[in-house]
Amino acid sequence: MWWWKRRQAANETAAAHAPPETATHDPPREAEALLHRLEWTVLRRLDGQVQGEHRTLMRGGGLDLADLREYQPHDDVRRIDWNVTARLQSPHVRQFLEDRDLTAWFVIDASPSLHFGSGQRSKQQVQLEWVAVLARLLTRHGNRVGALIYGAGPARMLPTRGGREQVLRLMQALVAAQRAHAQPDARGDTRLAEWLHAAGQFARRRSAVFVVSDFLSAPGWEQPLGRLAMRHDVLAVRLFDPLELQLPDLGLLPLYDAETGERLWVDTHDRGFRERFQRLASERETRLREALVRAGVDTLELSTDDDLGTALLRLSALRKRRPCGVRTA
């Protein structure tokens, strides 16, 4: 064994004289550190509050009959129990226990508009942390997750797999896409309608689909989103920053459009300008929420100053209220 001790001593000497490694240039180490922090600060704090040992946040299509209830809009007509409907003279649908094996797809918008953030975190950072927490929450109980990442460049597809390593691969792919789309030449309009149409081609089997975006896109995306919801259990995770809804009095400010490269100076000291900005933002919010309702999907609104644990509890409550129709949390 003398040769093994000699080799071990040589390795220790080389390691002692090696230059220190920098985590900022090591994406796998960055993803590992972030996931480890989220597991301790978010997931462990919510153990037993969001889901049990075998039940997931999303409703599956299991074979065990759980209950019967009255038909509600957006219910699958194939689950109507016609015998009970004829006996009670009102439509009733069957409810089943959730599947233990769930396939989930993340349709992720990595366009440059998500780089914005007025506080300590940008929409991009919130997106990364949210995807990591939710993916880890799903894979802890044997479920599989995959991702379709879109932006200014070519799309990135991560096939569905399970386990913690899959979550790390997903995080690394998302970080790489966010950095690539942060380059000055990676500009262009967000084409959410095309991305949702492509997502429907990838996800063949009925799955849980999480569309994570700020929905600042060219119009026409609600129809592809509605078609996607007809086949899959879709949740729209809408990212936003409070400064996008209301401008404070900060004086003369330069504004920069990350997707078109346009720069504009505005005077936020002008009260009339701030009121017009708030009115237009309110109108945009109304149109966005109406489009999501028309698409027939649940919506979770996630701000850059939201706590991820609280957001997960809102999501859990949202899924419990799902039989009553489309909801927003």
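The values are calculated or read from the model by the stated rules, or taken from the named source; none is laboratory data. None of the values given here were measured: they were computed from a predicted structure. Virtual Cβ from ideal backbone geometry, glycine too; neighbours counted across all protein chains shown. When the accessible area is computed, the model is the full protein with side chains, heavy atoms only, and any ligands, DNA or RNA have been set aside. Shrake-Rupley method; radii C 1.70, N 1.55, O 1.52, S 1.80 Å.
Quick notes on this one:
- Between Ser118 and Asp307, the simple spin-label model (points 7 angstrom out along Cα→Cβ) gives 2.2 nm.
- In this simple spin-label model, placing a label point 7 Å from the Cα along the Cα-to-Cβ direction at both Arg263 and Asp76 gives a separation of 5.3 nm.
- Separation between Cα centres of region 270-309 and region 100-175, rounded to whole Å: 23
- 5 Å binning of all Cα-Cα separations within region 199-329, expressed as whole percents from 0 upward: 2, 9, 16, 19, 17, 14, 10, 7, 4, 2, 0
- Burial ranking of peptide ranges 129-135, 296-302 (average Cβ count within 10 Å, highest at the top): 129-135, 296-302
- Once the C-beta distance of Arg314 and Arg204 is scaled by a Förster radius of 35 Å, the resulting FRET efficiency is 0.70 to the nearest 0.05.
- Reference-scaled alpha-carbon Rg (2.2 N^0.38 Å with N residues) for region 248-315: 1.48
- A full extension of the chain between Glu275 and Leu68 corresponds to an added length of 69.5 nm, given 0.36 nm per residue minus the alpha carbon distance.
- Once the Cβ-Cβ distance of Arg29 and Arg164 is raised to the sixth power relative to R0 = 22 Å, the FRET efficiency obtained is 0.90.
- Neighbourhood charge, 10 Å Cβ-Cβ cut-off, centred on Arg161 and excluding it, Lys, Arg +1 and Asp, Glu -1: +1
- Convex hull (Cα only) mean projected area of region 109-176, reported in nm² to one decimal: 4.5
- Annotation: amide H-H contacts under 5 Å for Val209 (H modelled 1.01 Å from N, sequence separation of 5 or more, or interchain): Trp105, Asp233, Val234, Leu235.
- Average silhouette area of region 73-232, convex hull of alpha-carbon atoms, in square nanometres: 11.5
- For Phe202, the accessible area of its heavy atoms, probed at 1.4 Å with every protein chain present, is near 100 square angstrom.
- Projected label points at Leu245 and Val293, each 7 Å from Cα along the beta carbon direction, are separated by 1.7 nanometres.
- For region 88-95, the Karplus equation 6.51 cos²θ - 1.76 cosθ + 1.60, evaluated at θ = phi - 60°, returns couplings of 9, 6, 8, x, 10, 10, 8, 10 Hz by residue, with Gly and Pro reported as x.
- The listed peptides 305-315, 67-77, 155-165, ordered by packing as a protection proxy, come out as 305-315, 155-165, 67-77 (highest mean of other Cβ atoms within 10 Å first).
- Region 130-146 residues near the modelled Thr41 label - backbone nitrogen below 19 Å, point 7 Å along Cα→Cβ: 130-137
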